[in-house]
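Accompanying notes for the structure given below.
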Amino acid sequence: MDIKKLQYFIAVAEELHFNRAAEKLNMTQPPLSQQIQALENEIGVKLLERNKRQVRLTPAGAVFLEEAKSILSQLERSIKTTQLVDQGIIGHLNIGFIDSAAGGVLVDMLKMFRERYPQVQLTLHEMTSAQQWQALQEGTIHIGFVRYTESGKHIDHRPLVNESLIAVLPEQHHLAHLPVLSIRSLALEPFISFPRHLGAPFHDLIMSFCAQHDMYPNVVQEAIQMYTIVNLVAANLGVSIVPTSVAIFQREGVVFRDFEESTPSIPLYAAWRTDCDRASLSALLEIIGQMSSEAINLE
């Protein structure tokens, strides 16, 4: 059925006058009458009673008027939704992230994205970097925020920020009063470490930093999440070394201290599926590009 016929019928049904309806539609009365008659013939139902004095809806016409309005309204919504999806203004994204990225640049990025595209549904998955790379390869997340890179089919990445390493100590620790620590001062301390099998590059970077300064951690406990490491330090189970962004947690019972020694950079990357044609992903990548460029300029 021609959509225009529905529009013509609605105009006549609302005006109950062919001439006024024709003026509203910017057309003449005869072709409008022909279109209404063609519509009635097409559906096999009389919709309007008309004579020289008046036009009125038949009972069937009154029902058809509501249905026609509903059809056109749904069509308009469908067109609008399709346009929004194409523009990245509506849709859905699955995002993976490591817990140490939950503060700082990731928060700012998601806040900016939410302000620009409030109708895009974001589902966040807290995962290790290794778990995110697996999820990217399987296509269960569209984009992830990871500490190291891997090669993969249909996957690309870009650096966002570089961080330093800091020590985290129990608040009552005998070294907590010092404003800056030497890595060697932690040599005999019980150490809480990130497990190597869940992220060898990140684990090895910390251990290499320690080894460069003849410090070999006495690992007594492993924990996957940075926030868990901080909580275990607060429980006085040991000390640890974490990226600077972890200090945003500011948990009671711990202190964060810089090192005297120069520490290696801990990068944070965005990695995403290149075969995902979602406009919402492209919109997020645009924001990521903007924010990472700003971070580089600040450095």
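The values are calculated or read from the model by the stated rules, or taken from the named source; none is laboratory data. Keep in mind the model is a prediction, meaning the values are calculated, not measured. All Cβ positions, even for glycine, are placed from backbone atoms using ideal geometry, and neighbour counts span all protein chains on display. For the accessible areas, the whole protein counts, side chains as well, though only heavy atoms, and no ligand, DNA or RNA atoms are used. Shrake-Rupley method; radii C 1.70, N 1.55, O 1.52, S 1.80 Å.
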### Task
Could you work out how far helix 105-116 tilts from the main Cα principal axis of the chain, as a 0 to 90 degree angle to the nearest 10?
10
### Query
Using a basic spin-label model with each label point 7 Å from the Cα along Cα→Cβ, how many nm lie between His154 and Ile248?
3.1
### Rg in Å to one decimal, and Dmax rounded to a whole Å, for the stretch 165-264 via C-alpha atoms
12.1, 34
### Query
How large, in percent, is the carbon and sulfur part of the accessible surface of the chain at a probe radius of 1.4 Å?
49
### the stretch 150-298: relative contact order in percent, alpha carbon pairs under 8 Å with at least 6 residues between
43
### Query
With every protein chain kept in the model, how would you rank Arg116, Arg158 by accessible area, 1.4 Å probe, largest at the top?
Arg116, Arg158
#### Entry: Taking the chain and dividing mean pair separation by its residue count, relative contact order in percent (alpha carbons under 8 Å, at least six apart)
22
#### Entry: 1.4 Å probe accessible area per residue over the chain, in Å²
52
### Task
Could you order peptides 18-24, 264-270 by the average number of other Cβ atoms within 10 Å of their residues, highest first?
264-270, 18-24
### Task
Can you tell me the 0 to 90 degree angle between the C-alpha axis of helix 200-212 and the longest principal axis of the chain, rounded to 10?
30
### Query
So what's the angle, to the nearest 10 degrees on a 0 to 90 scale, between helix 3-15 and the longest Cα principal axis of the chain?
70
